[in-house]
Amino acid sequence: MVSGKKAATSATGPARKARKLRDALHRHGYLYYSLDAPEVPDAEYDCLMRELVALETAHPELCSADSPTQRVGGAPLAAFGQLKHRIPMLSLDNAFSDEQVQEFDRRVRERLGAPAAVGYSCEPKLDGLAVSVTYERGVLVQGATRGDGETGEDITQNLKTIAALPLKLRGAGWPRVLEVRGEVFMPLAGFEKFNREAAARGEKTLVNPRNAAAGSLRQLDPRISASRPLDIFIYACGYVEGRQLPRRQSEILHMLMKWGFRICPQSSVVGSLEGCLAYYREIGAARATLPYQIDGVVYKVNELASQEKLGFVSRAPRWAIAHKFPAEEALSSVRDIEWQVGRTGTLTPVARLEPVFVGGVTVSNATLHNFDELSRKDVRIGDKVVIRRAGDVIPEVVRVIIERGLRRSAPIVAPVTCPSCGEPVARDPEQAALRCLRGRLCPAQRKEEIKHFASRRALDIHGLGDKLVEQLVDANLLRTPADLFGLSVAQLAQLERMGEKSAHKLHAAIATAKRTTLPRFLYALGIRDVGEATALALAQHFAGLAGLRAADADAIQQVPDVGPVVAAHVEAFFRDRDNQAMLGRLIASGIDWPAMPARTSAGRFAGQVFVLTGTLSGMTRIEAQQAIIARGGKVSGSVSKKTHYVVAGADAGSKLAKAASLGVTVIAEDAFAAMLRK
């Protein structure tokens, strides 16, 4: 007698029917989502799906990982796991003008030794969430967010809910292992429909399509992801095993489309720089009519052999660049202008605005930089102003719109007293700024000083956020950073939203922070104009705190890269009696650091100058600096013709452009780590 399970899986039983239903649903999904050429109405597709669901319910053993029924989402997760990318997911350098794109093309042709035109694959730059999806033997097995480029979050179940993403590849000839990269987004029509229906139900609406896509994929309950109208375009291959890929980016896209992936229909190939700029203008003109949100276009050298020859700089390829559209602007009204007091006493004017949606977020505040900038733009309370926001840049007031016949309020007058402590302010001729000179006697400066002292690149006190610092200062429990090490668990537990368990954790974190390094400690002190690089240079030169405390400005100025202004600030800090008392209390509390590594002239890096920029993932910046010093090298805070290497981590800034202009070698963190291992 044949068992029910065996009968179900026989070639002539329900197994064959399930396979035919799956194949039919995969085919119709491909025609609908990838080719936009459906052959059957939605009702017939739904009928096939219901038939497969019923069959798999009756015979659970027939349910496979690539079944279309698996898109509905499984049980909620407790937390996302971590997945390490086999090949890092790199970010792109940005260009904001035609001239910058021309410079990119010039560098490409020079490095390739190709004075003639270079061909590029062009595509819109979607404003969504970058993901990686891995297939083994044609079946989707794993998906992850980009994360920090090296490691992302495991969102496999959520990605499976996206109907446009194949659970099983079509055709034949795919590799044993295929990793593809793409962008998940929420189409504008789906976003608007979702919000209309949510509003009708009295539920919270989504802020913008980009945040909606990212938030939908990061739901611990995949059923919520399944309820969101998400889509995906695939634009590249990552790790591939078991097959040689075509040698052009455009051919790879065509191959991926044959395997069932949805490729952006606006992708194109051009033969020159002029073609790139024409494509940019064409997409820019069509931007408002596209069914999805974009913030620019991407150019990639089309020949893969040329891509390999060009290589990478930091975490970005030399063979691709994102040409961004101009920053988004919007109109708002100035409700008030307030003055914020920074750590060093600088007063910054901030415009409080009527909330306005710009650049994907609601903006209520915008910087006016300093009083001179405020006066130059002549911004007044009640004015209608243009607000600009580009990416993660702090929103700023661009200009005032003068309305004819409308009476304006009086011009803003520079404050004569500090808004925090009420003491007179002075004009700082060095920085054209207004400054409160009371230091930590001013509550605002005291708060900012302690926030800086506890920050990640300083003493890195985990759990001591801005709100807690403000509470502690307002309660008069903190007057200097040294007071942190005298706080009791009972005092911490009395703070708002701080229970006994959290208080014990924070108290332990403060104790742990006592073990630090001399460069971190000097940076944490918040001496004016002393950043991480200068703190390291001071630590290297004096090798300990005692020598630095006793040094005068002339001696401090002997430190490489320290000029007379910074030297004067350092001397003034250590001559101040209050600072001397605070340092004594910090040392007495047990704060300590290991001896600085001895400088050597015989190490592997002897005579070489390094500059560090961006965030390193495998080590702290201080650890990297000390590793260079121990090998005889020097670490500088600025790029010059004397620089030998720029070590670039994630989110590297303007130092990369300076290095490129001077022809300085830029190396990524993994290459730097390899140098250290030699």
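Just so you know, all these numbers are worked out from the coordinates, no wet-lab data involved. Remember, it's a predicted structure, so these values are computed and weren't measured experimentally. Cβ atoms come from the backbone with ideal geometry, glycine included; neighbour counts cover every protein chain shown.
Return the whole-Å distance between the Cα centroid of the range 657-678 and the Cα centroid of the range 283-298.
35 Å
Between GLU470 and SER227, what FRET efficiency comes out of the Förster formula 1/(1 + (r/R0)^6) with R0 = 51 Å and r the beta carbon distance, rounded to 0.05?
So the FRET efficiency works out to roughly 0.85.
I need to check one value: relative contact order of the chain, counting alpha carbon pairs closer than 8 Å and at least 6 residues apart, in percent.
Normalised by residue count, the contact order of the chain is 9 percent.
Scan the range 154-184 for trypsin sites (Lys or Arg not before Pro) in coil per DSSP, keeping those whose Cβ has at most 15 other Cβ atoms within 10 Å, and list them by number.
ARG176
Assuming a ≥ b ≥ c are the square roots of the Cα gyration tensor eigenvalues, decide whether the range 148-208 counts as rounded (a/c under 1.5), prolate (otherwise, with a/b larger than b/c) or oblate.
Note, shape of the range 148-208 comes out prolate.
PRE reach from ARG457 (point 7 Å along Cα→Cβ): which of the range 656-678 fall under 19 Å by backbone N?
Under 19 Å, as judged by backbone N against the label point of ARG457, lie 656-659, 667-669 of the range 656-678.
Taking only DSSP H segments of four or more residues, each worth -39500 (n - 2.57), what value at 222 nm results for the chain once the sum is divided by all its residues, to the nearest 500 deg cm²/dmol?
-10500 deg cm²/dmol
Between the range 131-161 and the range 519-543, how many Å separate their Cα centres?
42 Å
Using only Cα atoms, find the angle between the long axis of helix 621-630 and the longest principal axis of the chain, and express it within 0 to 90 degrees, rounded to the nearest 10.
Approximately 70 degrees, to the nearest 10.
Taking amide H atoms as placed 1.01 Å from N in the peptide plane, list the residues 5 or more away in sequence, or in a different chain, whose amide H sits under 5 Å from that of ARG248.
Here the answer is LEU304, since their amide H atoms fall under 5 Å of that of ARG248.
Pairing the Cα long axis of helix 564-575 with the longest principal axis of the chain, what angle in degrees results, from 0 to 90 and rounded to the nearest 10?
In the chain, helix 564-575 runs at an angle near 70 degrees to the longest axis.
Quote to one decimal, in nm, the extra length available between SER638 and ALA671 on full extension: 0.36 nm per residue of separation minus the C-alpha distance between them.
Taking SER638 through ALA671 to full extension adds about 9.8 nm, to one decimal.
I need the trypsin sites (Lys or Arg not before Pro) found in the range 202-282, filtered to DSSP loop residues with at most 16 other beta carbons within 10 Å of theirs.
LYS204, ARG218, ARG243, ARG247
Tell me, in nm to one decimal, what length is gained between PHE80 and PHE357 on full extension, where the rule is 0.36 nm per residue of separation less the Cα-Cα distance?
That works out to 96.6 nm of additional length.
Whole-Hz Karplus ³J(HN,Hα) for the range 528-533, in order, using 6.51 cos²θ - 1.76 cosθ + 1.60 and θ = phi - 60°, x for Gly and Pro?
Result, rounded to whole Hz: 4, 6, 9, x, 5, 5.
Say a paramagnetic label sat at a point 7 Å from the Cα of ALA650, along Cα to Cβ; which residues of the range 82-116 have their backbone N under 16 Å from it?
Residues passing the 16 Å test: 82-93.
Restricting attention to the range 157-239, which GluC sites (Glu not before Pro) occupy a DSSP loop and are surrounded by at most 13 other Cβ atoms within 10 Å?
GLU203
By how many degrees, 0 to 90 and rounded to 10, does the Cα axis of helix 98-112 deviate from the longest principal axis of the chain?
Result, in degrees: 80.
Take VAL400 and ARG281, extend 7 Å from each Cα along the Cα→Cβ direction, and tell me the distance between the two endpoints in nm.
So the two model labels end up 3.7 nm from each other.
Would you please give the residues with an amide H less than 5 Å from that of GLN340, counting only those at least 5 places away or on a separate chain, with H modeled from the backbone geometry?
THR348, VAL350
Take the Cα coordinates of the chain, assign each an equal point scatterer, and use the Debye formula without solvent to give log10 I(q)/I(0) at q = 0.09 Å⁻¹.
Cα-only, vacuum Debye calculation for the chain: -1.01.
Working out 0.36 nm times the residue gap between ASP552 and GLU61, then minus their Cα-Cα distance, what length gain in nm do you get to one decimal?
The ASP552-GLU61 span can extend by a further 168.7 nm.
Mind checking which lysines have their Cα closer than 18 Å to the Cα of LYS125? Skip sequence neighbours fewer than 8 apart in that chain.
LYS300, LYS324
Check ARG399: other-chain or 5+ apart residues with amide H under 5 Å from its amide H, H built from backbone geometry?
HN-HN under 5 Å from ARG399: VAL386.
Using the Karplus equation 6.51 cos²θ - 1.76 cosθ + 1.60 (θ = phi - 60°), what ³J(HN,Hα) coupling, rounded to whole Hz, does each residue of the range 671-676 give in order, writing x for Gly and Pro?
Computed from phi, the couplings for the range 671-676 are 5, 5, 4, 5, 5, 5 Hz.
In what sequence, highest mean first, do 660-668, 150-158 appear when ranked by Cβ atoms within 10 angstrom?
The peptides rank, most packed first, as 150-158, 660-668.
Just to check I understand the Karplus step: with θ = phi - 60° and J = 6.51 cos²θ - 1.76 cosθ + 1.60, what whole-Hz values come out for the range 117-127, glycine and proline as x?
5, 10, x, 10, 9, 10, 7, x, 9, 5, 9
Pop the C-beta distance of GLU308 and ASP23 into the FRET formula with R0 = 25 Å and round what comes out to the nearest 0.05.
0.10
Dividing the alpha-carbon radius of gyration of the range 603-678 by 2.2 N^0.38 Å (N being the number of residues), what value is obtained?
0.99
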